[in-house]
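The values are calculated or read from the model by the stated rules, or taken from the named source; none is laboratory data. Please read all numbers here as calculations on a predicted model, not as lab measurements. We place every Cβ from the backbone using ideal geometry, glycine too, and count neighbours over all the protein chains shown. Please note that ligands, DNA and RNA were not included when accessible areas were found on the heavy atoms of the full protein model with its side chains. Shrake-Rupley method; radii C 1.70, N 1.55, O 1.52, S 1.80 Å.
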Amino acid sequence: MNKYLIPIFTIVIVLCVSSCSSNSDELTDWMYWSNDNQSPENIKYDYVPGAVSKLYLEVNYKGGDITLICNNYDTLQPIGTDGSNTYDCGWGVFTVDGRQVKCHFPEDASGKPQATEQITISAKNGKEVVNTVLLVKRTFGELVPEPGTEEVPDKYKFKLIKAGLMPFMNDDFAVPAPFDNIIYRITDYYDRYQSFGFPEYTQYYDSIVWCADGFPNTMRVYERQNSSTSSEEHFNGQWSTHFFISGEIKNYLKGYRDGKVVYSTSLTTYLYERDFLCYDWVEGSFAIANPSNHGIFCLLDKKYEYTASDTQEMNGTRYGNIGVRNSYGLSGDAQYSYMQDALIKLMGDNVGQPQSADGKSALFKCLPTDGFEAIKYWENKTTRILLLHQLPADDVREKYYLHFESK
């Protein structure tokens, strides 16, 4: 196990654990662990008990899932700076659920150097603290080109990385949710990022295109246009986007030469819905005065753009609104139909089919006093949502939007 003791980089997460009994005499001075291994062919597991117990995971490029179970302490509670139950290190997602630590490792055959993580799990036995150290090693296999692509020298290869996250209202969340802003970068094969000029690897391609499974649009990160008299190049090494749905999004960067893909790399992004999309009714902040509207766009799905208001609070209830940007300059019935379609699709992708809105307005505490009609209703465990039709008046424009409140 000595191979785990020299990590490439180490991030320590401290987890606080409350006991399953108020009588500390019934607790041992170390933590006992077992596992529910859902991917035994891809994950090696080992456990060494002791005063400082150790858990070892070795995960290959195929990834998978494993759940680590503490058998003698009950509820694990993170005490990280963001207070989240989920930690995403980029190649592994660790989620605390009761006495379990659920570990998810997405498939990654990028061929990049192996990586390690060290996670310290602490349990409180009366006034004493006992520790378990979780050591994880991840390998990433070899990059396999798409069928029909050619072997490319390393100096012309590139990578796609997630370079940053700007959560809604700048709240301190480490894991992205729908409507958060995610920053991507293209780097060279050795993870070096060049913020100006044209990196050497671009010279091998006519264009480099960013795309994702299930998304209708693409974006050219690099493009070279040649004519008989001139040559023009464009390069954008960093960009940001929002996504409108939670779950797994597999992104690609594809290098084109003479009209065909000669090199491709991928990156999977995982988005986790909070209470409702990016809104968190407990850990999220809210605007005391002067709330802002934020533009929400997806570079890979340009059919709709949304506006989302800051979280506000009234009558002890948190609430917000989501509207639709009229990006196409529509008017009249075409505009109102477009707004409804966009909002119903957003809800269908994230909450499900609507219910009748009859009588549902009485459930809400922060609705406008008049001038609207309720069209459709949705709810999940924490949130109620109404599709409202703002009726036209002398000083109010007609529109459709979502009004939602914490339960």
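Largest first, the three principal axis extents of the alpha carbons in region 139-253 are 50, 35, 28 Å in whole numbers. With the highest mean first, a sort of the peptides 219-226, 387-394, 276-283 on other beta-carbon atoms found within 10 angstrom per residue produces 276-283, 219-226, 387-394. Rg and Dmax, both from the Cα atoms of the chain and both in Å, are 24.9, 85. Relative protection proxy for 87-94, 292-299, from highest mean packing down: 87-94, 292-299 (other beta-carbon atoms within 10 angstrom). From the alpha carbon centroid of region 153-179 to that of region 267-300 is 15 Å. With no solvent and one point on each alpha carbon, what is the Debye value of log10 I(q)/I(0) for region 260-407 at q = 0.15, 0.16, 0.19, 0.21 Å⁻¹? Scattering profile of region 260-407, log10 relative to I(0): -0.83, -0.93, -1.30, -1.57.
A Förster radius of 35 Å, combined with the Cβ-Cβ distance separating Lys260 from Glu107, puts the computed FRET efficiency at roughly 0.90.
With r defined as the distance between the Cβ atoms of Lys303 and Asp394 and R0 fixed at 30 Å, what FRET efficiency is calculated, to the nearest 0.05? About 0.35, to the nearest 0.05.
Just need log10 I(q)/I(0) for region 206-300 at q = 0.13, 0.15, 0.19 Å⁻¹, Debye formula, equal scatterers on the alpha-carbon atoms, no solvent, rounded to two decimals. Ignoring solvent entirely, the Cα scatterers give -0.63, -0.76, -1.00.
Here each label is just a point 7 Å from Cα along the line to Cβ, and for Ile69 and Leu363 those points are 3.6 nm apart. On the basis of the beta-carbon distance and an R0 of 22 Å, Asn226 and Phe198 show a calculated FRET efficiency of 0.95.
Adding -39500 (n - 2.57) for every DSSP H run of four residues or longer, then dividing by how many residues the chain holds, sets the calculated 222 nm ellipticity at -1500 deg cm²/dmol. Among 315-327, 195-207, sorting by the average number of other beta carbon atoms lying within 10 angstrom of each residue, highest first, gives 315-327, 195-207. Per residue, the accessible area of region 172-267 comes to 47 Å² when a 1.4 Å probe rolls over the protein heavy atoms.
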